[in-house]
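One structure is given below, encoded as structure tokens.
The values are calculated or read from the model by the stated rules, or taken from the named source; none is laboratory data. No experiment lies behind these values; they were computed from the predicted model shown. All Cβ positions, glycine included, derive from the backbone under ideal geometry; neighbour counts span all protein chains shown.
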Amino acid sequence: MLNLTQPYFPKFSKLAADSELEEVLPGASAAEIAEIEAEVGVHLPESYKRLLQCARGFWLMGGVVQFGQQHPFAHEFPPFDSLPPAQQAVVKRKGGVWPPPSNGMLCFAECFMQADGDQVLFDTSQGLVNGEYPVVYYAHDARPPSIRRIAASFTDFMEEFLQYEVFQK
């Protein structure tokens, strides 16, 4: 299935062919992608839709990068005052930042570069620019949690960031 990504993501396609893939799911139809967009409330980048058409999910590099059936989903957090006291205490212990810097962003994969549970997100705050959103890395376990831009677009993420040496060990 991921061989179908060759025309769109040639470097990624080669990486996928040379890697052991797990949890590969069939591609999504145009109707399913439209349903996903309606559910998350934003337009998805065309480049991401192309990947979804090839495979709805997969694990790469032993699960270090995980595109799953649960993706994409929005990071939406309630006001601090509405959190239970125990959760408020955890937030304060982890640096007191609420909502997390990923609030309002769209998670499209898990990416365990720094810690299990870290994610890669579309920064939708400025809307689509040339059909793309910037891609950020969300370090949820950092104190305080942090985001950093890792790619200008989903295509750049697939073609360049996934070639990053930390994943090639």
_In region 92-132, the residues that are touching a Gly at 6+ places or on another chain (Cβ under 8 Å) and at pLDDT 80 or above_ = Ala109, Glu110, Thr124, Ser125
*Selection from region 53-76 of residues that are more than 15 Å from Glu22 (Cβ to Cβ) and modelled with pLDDT under 85*: Gln70, His71, Pro72, Phe73, Ala74, His75, Glu76
*Mind checking which residues of region 43-62 are surrounded by fewer than 18 Cβ atoms within 10 Å (Cβ to Cβ) and assigned to a loop (DSSP other than H, G, I, E, B)?*
His43, Gly62
*Name the residues in region 1-51 that are closer than 12 Å to Met158 by Cβ and of a type in the set (A, V, I, L, M, F, W, C), would you?*
Leu2, Phe9, Phe12, Leu15, Ala16, Leu51
*Looking only at residues in region 66-94 that are under 24 Å from the mean Cα position of the chain (by Cα), over 26 Å from Glu46 (Cβ atoms) and of a type outside the set (Val, Ile, Thr), which one is surrounded by the most Cβ atoms within 10 Å (Cβ to Cβ)?*
Lys94
